[in-house]
Structures are given as structure tokens and as C-alpha cells.
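Let me begin by presenting the structure, written as C-alpha cells, before commenting on it.
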Amino acid sequence: MFHFRCNQCSFTLNINYIPREYVLPDGRRVAMMQRHVWCDRCATITPAEALDEDDAAKEANAMLLNLHRRELRENTFKHSWERDLREKWIRESAERDSAREDWRAMRKGPPACLKCRSTAISLPEASWADLVHGGCGGTMVCTATIAGGAQLRSRPHEYTPEGKLIALGARAVGTVHERPFELWSIDPV
């Protein structure tokens, strides 16, 4: 959950990011990167698409990839499953990167607000960045509490490569039933 508080007025807001993914024409899926933005049409902070990873995320993934490759070269694992996990991560990372590159080549439009589809948004440079409060001109200070993440056995909302919603996702409730995911989770504090 992301918590926002304006440093000039009493505006506060909490945002939970809901799992979403793009479905490519060949059936591959690409997790939607999301960022908090100020949307002029909604006149509030809301989740929006982020078309490109920020530099910190790229660096973290590159460091992890290099670490796993080095560990495989050194082959000092006590158990075979440790090696298997690193090989699987590297393989899945390459598949994920390939699908993301293909999606990015297909995508023509700019990022949009996930609530109203407006492209009149102020996208911060990084996913944890503060942003200007469009209501008063103050700074919306962003803090986060990480709790859980995507639900186990959840189905993300599905979108076309251009960001049009095509199917609602759901989370597991118990062992048999599902409950639809809300399209966004925004709570005034």
C-alpha cells in the first residue's frame, strides 16, 4: 500500500496496486507496471500504467541476474534445488524480458490513468517518487507499507497491449470460490 500526504494541505490518500497484465496476440502475458500519478481528469492521485521500468528496477534486475549467473559458474550449491531455482529464474527472466520487449514494440499510445483512461497525467520519474499535488501545488509525500502483494491463486485484470480492459481478474476465496478484484483500490485516509 502506498500512503500519500500533502505537505501543504490536509489531503491524504492510500492506494493499493491491483494485479494487472497485458495479453499479447500470441497469448503471452506481460505484468503491467503501475505508478501513482496525479490525474487531471480524476483530480486526484490514482494508479496509471508505467510503460518503462525506472532505472533502479533495471539495475536491481541486472544485479540479480549477474549474481545468479556467477553462482551457477561457481557451482557451490549444497543442494541441487538451489541450482534449479537459479536456472529457472534466469530462464523465466529472459522469457519475461522478451515478452515485455514485444509488448513495448506493439504499444503506440502513452501511459494512461487506469480509472478514467486519461493521458493528462503527471507521471513521477520513479515508482517511489513524490509528486506535485495538483489540487494545491504542494508535494504529495509518498511512503509505502509492503504487506502481502498479489493474492495466491489470483487472476490479474487483463488488458490489450494498448491498455484497454478485456477481462476482470479475481482472487481465490477459500479453496473453490473466487471474488472479483476491484478495478482500483483508493481509500481516503
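The values are calculated or read from the model by the stated rules, or taken from the named source; none is laboratory data. Note that the structure is predicted; figures quoted are calculated from it, not measured. Virtual Cβ from ideal backbone geometry, glycine too; neighbours counted across all protein chains shown.
Checked against the criterion of being in contact (Cβ under 8 Å) with a residue 24 or more places away in the chain and over 28 Å from Ser154 (Cβ atoms), the candidates Asp40, Asp54, Asp102 yield just one match: Asp40.
Before we move on, is Arg107 on the phi > 0 side of the Ramachandran plot, of a type outside the set (A, V, I, L, M, F, W, C), at pLDDT 90 or above and surrounded by 14 or more Cβ atoms within 10 Å (Cβ to Cβ)? So Arg107 fails the test.
Among the residues of the range 1-45 satisfying the criterion of being in contact with a strand residue (DSSP E or B) (Cβ under 8 Å, 6 or more places away or on another chain) and hydroxyl-bearing (Ser, Thr, Tyr), which is surrounded by the fewest Cβ atoms within 10 Å (Cβ to Cβ)? Among them, the one singled out is Thr12. Of all residues in the range 126-152, those being at pLDDT below 75, assigned to a strand (DSSP E or B) and buried (at least 16 other Cβ atoms within 10 Å of the Cβ) number 0.
Looking at Arg28, Arg86, Arg70, which one is in contact (Cβ under 8 Å) with a residue 24 or more places away in the chain, at negative phi and not small (Gly, Ala, Ser)? The conditions single out Arg28.
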